[in-house]
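K.L.:
Before we start, here is the structure in question, set down as structure tokens.
The values are calculated or read from the model by the stated rules, or taken from the named source; none is laboratory data. No experiment lies behind these values; they were computed from the predicted model shown. No Cβ is skipped: glycine too gets one built from the backbone with ideal geometry, and neighbour counts run over all protein chains shown. In case anyone asks, the SASA skips ligands and DNA or RNA and just uses the protein heavy atoms, side chains included. Shrake-Rupley method; radii C 1.70, N 1.55, O 1.52, S 1.80 Å.
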Amino acid sequence: MARKSQRKHSSGKQTSRKIATKAPQNERTVIDYRVWVPPAILFLLSFLLYANTFSHDYALDDAIVITENVYTQEGTAGLGKIFSTDAFEGYFQQKKNLVAGGRYRPLSIATFALEIEFFGPNPGVSHFINVLLYALSAVLLFFLLRQLFPVTDPKPWWTGIPFLASLLYVVHPLHTEVVANIKGRDEILALLFIFAAAYALLRWVRESKYLWLGIGTIAFFLALLAKETALPFVLIVPLAIWFFYPKVAQVRHYLFVGAGLILPTALYLALRSTVVDLTATGTTDEILNDPFIYASFGERLATVAHTLGIYLGKLFLPLTLSHDYYFNQVPIIGWGSLNALLPSVIYLGLLGLTVYGSVRRHPAAFGMWWFFLSLALVSNIAVTVGTTMGERFLFVPSVGFLLAGVILLRRLSGRMQQPALDYAVVGVLAALFAVRTVVRNPDWKDNFTLFTTDVYHSPNSAKVRTAAGGALVDAATTAPLPPPAQRDAYLDEAIGHLQAATEIYPEHGQAWLLLGNAWFNRNAQYEKALNCFQTAIFHRPGLIDAYQNAAVTASKLKRYDRATEYYRQAAARRPQSDTYWYEAGIAYEEWGKPDSAIYAFERAVTLNPKNADALGKIAMLQGKFFGRLDQAIAYAQRAIALKPTEEGFHENLGIAYAMKGDFNRALQAFQNGLKSVPNGAKLYFNLGITYQQLGDPGQAQQNFERAYALNPALRPAATPQ
């Protein structure tokens, strides 16, 4: 009996072993399914959401980092400059301390240079790459969150915190500014490498494989090169270890992870300090570059509290989105405003709950630390970021906030004994957010669409009013020109926006300049235009285009004294430019002051000896008004040598010879001119006159007829009978 019982017991063990060997296989299959299906869905969803951006053009700050950045346009040849200069230098061609601490973000600009090298200026490629990087960041976020929330139960994968939080991250409409705008790649790359660094460093804590430590260190350095928003993760990553690995983490883990974060940070700061001035406070007197320039410290903090409240509202309800919150969309306020007090109370409450949750190592508290620490860097509390607020500033903080929200939903559904509550709520939010994202993306198609759309989302912003007005003026005056009715409608709308901009910010020189352009083109209202240009000059004396436009408008009004003065003032501000002296010469000529015109043209030639047009003008004036024929001939010959296809230069040379009585050389000058300008009607006409002077009426008439055929206006009017 004992033996039989033993056999049965042994059989039971064998059965147990069989079950035990099968269970891990089943579990492995489930885990593999959960590992790869969710990130694949997130990856594809990212493309579906942003596929309608692939046909978009460049927009907004793409000019600064791509289209008008000389280093980017050099392709691979510009990489050295990109990594050794401030981010603004390639655009301004000089150092600009416009914002505190400068801007050193070479990684994204380097990718733009590579695109120019291999694809040329192709915004479609750039938009595709942005979406690809965003999709990869969603995948990395999912794997990072799986490090923090490993699968331990048989529930479907779509109910897990890693997938739900990553899903909300992918679909949130606040991210459209970053993904749909090519320039936003700095944010995408920074967060992508933040995810990679955190994932690798946490893998090292779990597995002690130094390969992961090296990968994490390199990834964090790349995140810093993308954008300084990675800096708070020197604290956030160790916090993740403290919150989620209390039984695994030892002192050495914190030391090694700290080294993996601090060493690349030190290297980045050392590199940055050789390129930009870390102590720069932003040398600007322009309120559009520093909204707090006239605010007290208390007003600054109160206004920051207000913007933090707006951020919370947009995280929950992102209905009204805008790329622009510049002066005075979010006005400076004091502590007497409820808009400052209420958000302060809410944030202090959230901070208190976060501290309380941290003591208990509640994972939602970690999400809130991610939110608070990353938001602090762009909140305008410590340093000014150049604007009151921006949706792009929530790109990194939103990850922590959404994570905390999903965790708390999970806790709430458990307490309410409603296990489907959390993923049902997330599913509804994800659907609504996805629709809002797809609808928002077309607004980023190009500058015209973006500015003329967001001007109604941020109607109190002087900057977006000005941008919209400028875009409308360009649409009305740039080829291909719209029909007259549409052109007038564009100009009228532009005038409305630009007038609003000057009311919001009366010292906005650019708005006055563009308003002048609008009046200039709207039924030639030159008086209004000139007043606008003069106001622009008064408020912004360095605005060169205002001087030039004022001069052109004054010439239209035949106020040549004013026109020449504006040109001379422009020349004084751009002493190396020959353009303004040349234009001044034209105005003097129209004014009937040939001597002053010659002086201005000679100044232009002194600055630019290759200014053929100025040389040609001097030749004409010297001969026509002063009879200085030898000088006229010399200047005309110099002009022809530089620009042989200009008919007028050959005409002036031939006429000068004819005025000297040297008709053979005049004949030769006109004939040589026709070799370079075969259809030169005036040259044929003057050739006919020269043949008349030489007593050859047949040749004269032949050349007259060819001139009339090319330009019937040269034919003399019939003599009335």
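K.L.:
Could you please report the charge total around Leu530, scoring K, R as +1 and D, E as -1 over all other residues with beta-carbon less than 9 angstrom from its beta-carbon?
P.N.:
Summing Lys/Arg as +1 and Asp/Glu as -1 gives +3.
K.L.:
Sorted by packing (mean other beta-carbon atoms within 10 Å per residue), highest first, where do 247-254, 497-504 land?
P.N.:
497-504, 247-254
K.L.:
Percent of accessible area on segment 145-209 owned by carbon and sulfur, 1.4 Å probe?
P.N.:
About 60 percent, which is the carbon plus sulfur part of the accessible surface.
K.L.:
Excluding Gln699 itself, what net charge comes from residues whose Cβ is under 13 Å from its Cβ, given Lys and Arg +1 and Asp and Glu -1?
P.N.:
-1
K.L.:
OK, next. Order of 133-146, 462-475 by packing, highest average Cβ count within 10 Å first?
P.N.:
Going from most to least packed, we get 462-475, 133-146.
K.L.:
So, one more: In whole Å, how far is the Cα centre of segment 489-556 from that of segment 33-75?
P.N.:
Using only Cα atoms, the two centres lie 37 Å from each other.
K.L.:
Right, something else. Tally up the carbon and sulfur contribution to the accessible surface of segment 523-655 as a whole percent, 1.4 Å probe, everything protein left in place.
P.N.:
48 percent
K.L.:
Then there is this: Would you mind giving the three semi-axes, in whole Å and largest first, of the ellipsoid equivalent to the chain according to its Cα gyration tensor?
P.N.:
Semi-axis lengths for the chain are 69, 29, 24 Å.
K.L.:
Continuing with the same structure: Would you mind getting the accessible area per residue of the chain, heavy atoms of the protein chains only, 1.4 Å probe, in Å²?
P.N.:
Per-residue accessible area for the chain comes out at 46 Å².
K.L.:
Which whole-angstrom value gives the distance between the alpha carbon centres of segment 188-209 and segment 370-398?
P.N.:
Answer, in whole Å: 23.
K.L.:
Separate question: Which of the aspartates and glutamates could a cross-linker span from Lys227 if the Cα-Cα distance has to be under 13 Å and same-chain partners fewer than 8 positions apart are dropped?
P.N.:
The qualifying aspartates and glutamates are Asp86, Asp186, Glu187.
K.L.:
Kindly report, to the nearest 10 Å², the accessible surface of Lys558 as traced by a 1.4 Å probe over protein heavy atoms only.
P.N.:
Ignoring ligands and nucleic acids, Lys558 comes out at about 150 Å².
K.L.:
Grab the beta carbon distance between Asp285 and Tyr599, set R0 = 51 Å, and tell me the FRET efficiency rounded to 0.05.
P.N.:
0.90
K.L.:
Then there's this: Expressed as a rounded percentage, what relative contact order does the chain have, with Cα pairs under 8 Å and six or more residues apart?
P.N.:
9 percent
K.L.:
Counting pairs of alpha carbon atoms under 8 Å apart in space and at least six apart in sequence, what relative contact order in percent does segment 526-613 give?
P.N.:
This gives 20 percent for segment 526-613.
K.L.:
Put +1 on the Cβ of each Lys and Arg and -1 on the Cβ of each Asp and Glu in segment 227-351; which of Leu317, Val275, Phe233 then has its Cα farthest toward the positive end of the dipole?
P.N.:
Phe233
K.L.:
Further, regarding this structure: If you count, for each residue, the other Cβ atoms within 10 Å and average over each peptide, how do 618-626, 313-321, 579-587, 348-356 line up from highest to lowest?
P.N.:
579-587, 618-626, 313-321, 348-356
K.L.:
Determine which aspartates and glutamates satisfy two conditions relative to Lys445: a Cα distance under 15 Å, and not lying fewer than 8 residues away in the same chain.
P.N.:
Asp57, Asp61, Asp62, Glu177, Asp454
K.L.:
Using alpha-carbon pairs under 8 Å, 6+ residues apart, how would you state the relative contact order of segment 375-483 in percent?
P.N.:
11 percent
K.L.:
Round to a whole number: what % of the accessible area of segment 261-389 belongs to carbon and sulfur, probe 1.4 Å?
P.N.:
Carbon and sulfur together cover 71 percent of it.
K.L.:
How far apart, in nm, are the 7 Å Cα→Cβ label points at Gln93 and Lys556?
P.N.:
My value for the distance between the label points is 2.8 nm.
K.L.:
Students often forget the sequence filter, so: which aspartates and glutamates lie under 15 Å Cα-Cα from Lys155 once same-chain residues fewer than 8 apart are removed?
P.N.:
Output for Lys155: Glu27, Asp32, Asp422.
K.L.:
While we're on this one: How charged is the neighbourhood of Gly334? Take every other residue with its Cβ under 11 Å from the Cβ of Gly334, and add Lys/Arg as +1 and Asp/Glu as -1.
P.N.:
Result for the neighbourhood of Gly334: 0.
K.L.:
Filter the cross-link list Lys556/Lys682; Lys558/Lys593; Lys660/Lys682; Lys643/Lys675; Lys463/Lys556 down to pairs whose alpha-carbon distance in this structure exceeds 25 Å.
P.N.:
Where the Cα-Cα span goes over 25 Å, the pairs concerned are Lys556/Lys682; Lys463/Lys556.
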